[in-house]
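What follows is a single structure, written as structure tokens, with notes after it.
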Amino acid sequence: MSKLEIPHVGGEGAVISARRLSLWYGKVIGINDITIDIGPGVLGLLGPNGAGKSTFLKVVTGQLRPTTGNVGIFGELIWNNRNVMSRIGFVPEQDAFYEEMTGLQFVSYLTRLQGYSKKEAIELAEIAIDTVNLSDKKNAPIRTYSKGMRQRIKIAQALAHNPDVLFLDEPLAGTDPVGRRHIINLIRGFGEAGKTVIVSSHILHEVEQMTSNILLINKGRIVADGNIYKIRNLIDEHPHSIRIGCGSPRDFAAKLAAFDDVVSIQFSEHGFEVQTSDPDACYNRIPKLAIESGIKLHRMSSMDNNLTAVFDYLVNA
């Protein structure tokens, strides 16, 4: 395979290089024949649950050895390579804490494993915990932390040693809106500082707030890579479903049905669902039309913002 044939996402230069990367769990395929170069900046690793995102992250961080192929970071193979591993930070999806430790003890302990002295590790841990806005809870036992606080302390331990490459597996899971906004801004800032950041998620609109570069995985294979707006264009070729809850649903549905972009309307016990060929126009119209009609709008949502819907389009088209 020539260099020109290798897909590339992110900034110039290849920080992470995967070649013919596969991993099998017995007869089950985790990831299948992945070849990709990833440059600096933030990359969204997207896919529905079970698509292979976590397996891919574990292989490229050296936690799992691939069945075939190899992966390198900064030109060195990652497997069993302490030099490379010292330059990466990893935020796992699962919680694995020493519950009786305080946040500061936990982060400084893991930072010492990077080779820092106790004093240096504590200083670095203090900075990292402050970066994730958790300084007021640094001396509280982790067992008292909320889900959002646990996510933030995991991020603190990943960045305390100032790594060049960060891997984050579903870092926004369980966070409140304020915490989610802070983490999104933090991740975006890492990319702007020249670091290479891979963030896995199955929620498209959250990734869109961090980056326009994406890698879509389904059934262990890359099904799309590059700019996120190309994926949006694929979605926009299909009708979007918008769920609406409101007062007088049949009256409101009749008003919406008069617009040319409305493809169909289906009623349920909780309201109705509109399928539209122009989601942007329809999203803007619904609250405005409700106000003009004196109809109280309770909720408006779309499952098409979830990556599962995107993959339905990509895989089944």
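The values are calculated or read from the model by the stated rules, or taken from the named source; none is laboratory data. This structure is a prediction, so every number in the text was calculated from the model and none was measured. Don't worry about glycine lacking a Cβ; one is built from the backbone with ideal geometry, like all the others, and counts go over all protein chains shown. Surface areas here come from the heavy atoms of the whole protein model, side chains and all, with no ligands, DNA or RNA. Shrake-Rupley method; radii C 1.70, N 1.55, O 1.52, S 1.80 Å.
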**OP:** Could you please find all residues in segment 84-107 being touching a Phe, Trp or Tyr at 6+ places or on another chain (Cβ under 9 Å) and among the polar types (S, T, N, Q)?
**Re:** Gln105
Subject >> Selected residue (criterion: surrounded by the most Cβ atoms within 10 Å (Cβ to Cβ)) from residues of segment 141-178 that are of a type in the set (Asp, Glu) and in contact (Cβ under 8 Å) with a residue 60 or more places away in the chain >> reply: Asp169
Original post:
Yes or no: Val207 part of a strand (DSSP E or B), under 23 Å from the mean Cα position of the chain (by Cα) and closer than 30 Å to Val84 by Cα?
Top reply: no
**OP:** For segment 301-317, state whether one or more residues are at pLDDT 80 or above and surrounded by 13 or more Cβ atoms within 10 Å (Cβ to Cβ).
**Re:** no
**OP:** Those residues that are acidic (Asp, Glu) and modelled with pLDDT under 95, I need them from segment 123-173; list them, please.
**Re:** Asp169, Glu170
Original post:
Can you spot a residue in segment 88-103 that is assigned to a helix (DSSP H, G or I) and either surrounded by fewer than 16 Cβ atoms within 10 Å (Cβ to Cβ) or under 26 Å from the mean Cα position of the chain (by Cα) (or both)?
Top reply: yes
Subject >> Any chance Phe252 is open to solvent by less than 20 Å² (accessible area, probe 1.4 Å) and farther than 30 Å from Ile31 by Cα >> reply: yes
Original post:
Got a sec? Which of Gly30, Gly69 is in contact with a Lys or Arg (Cβ under 7 Å, 6 or more places away or on another chain), touching a residue at least 24 places away in the same chain (Cβ under 8 Å), open to solvent by less than 60 Å² (accessible area, probe 1.4 Å) and not in a loop (DSSP other than H, G, I, E, B)?
Top reply: Gly69
